[in-house]
Amino acid sequence: MESKIIAFSSPSGGGKTTIIKALLKAYKNTRLSISATTRLPRHNEKDGVDYYFLSKNEFNSKIENGDFLEYENVHGNLYGTLNAEIDKAIKQNQSLIFDVDVKGALNIKKEYQDAILIFIKPPSIEELEKRLKRRETENHETISKRLARMKLEFNEGKNFKYTVINDELEKAILEIEGIIWGDSSSDHPTIQPS
């Protein structure tokens, strides 16, 4: 299978993490590019698995060293893609999936013209707000910040070649499989979300 660079973006609560996990489980030659961040880990997150959790000083040092393909300030925290992540995937002939904000995805596209950019859109703003509240990982203030940023994300998302509305998870995943690997599903598993 040909290796690819695939960048997913969506507003928080859009469902991209669930979709990415399903893709990673089904496609063994595909791996997640682990981003670096200055935000604190959530209770279920592990350093080096979910993110590389760095102090602001460590992050700024990596910026000065040119270690990032791209980085962005999102909700007061820094997030970035390390060049080493891409180098590792290329050496191992693996497809690499990015879970990044909209600006990060567009920066990846500047460096890697063949990158596939997919914007995951929630069915409605009301549904997005419900999803954020159900997660119980953010307080009211953080949810308000995430909803306020959504306008920027939707505007930047218009620059992506592909937009998938995540109203039914299985349908969204099938649509994404078609975008990434084409319609010849005989070579590829049908993903069942867990």
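Bear in mind that the values in this text are calculations on the coordinates, not laboratory data. Given the structure is predicted, the values throughout are model-derived calculations rather than measurements. All Cβ positions, even for glycine, are placed from backbone atoms using ideal geometry, and neighbour counts span all protein chains on display.
A few points about this structure:
- Spin-label pair I165-N77: with each label point 7 Å from Cα along the Cα-Cβ axis, the two points sit 3.1 nm from one another.
- Entries in K91/K151; K91/K121; K28/K56; K91/K161 that, when Cα-Cα distance is taken, lie over 31 Å: K91/K151; K91/K121; K28/K56
- The trypsin sites (Lys or Arg not before Pro) of the range 1-38 that meet both conditions, a loop assignment by DSSP and at most 14 other Cβ atoms within 10 Å of the site Cβ, are K28.
- Note that the range 95-103 has calculated 3J(HN,Hα) couplings of 6, 10, 9, 10, 10, 10, 6, 4, 5 Hz, one per residue in order, obtained from phi through the Karplus relation 6.51 cos²θ - 1.76 cosθ + 1.60 (θ = phi - 60°); glycine and proline are x.
- For T163, the residues 5 or more places off, or on other chains, whose built amide H falls under 5 Å of its own are F119.
- Distance from the range 43-86 to the range 1-31 (C-alpha centre basis), Å: 19
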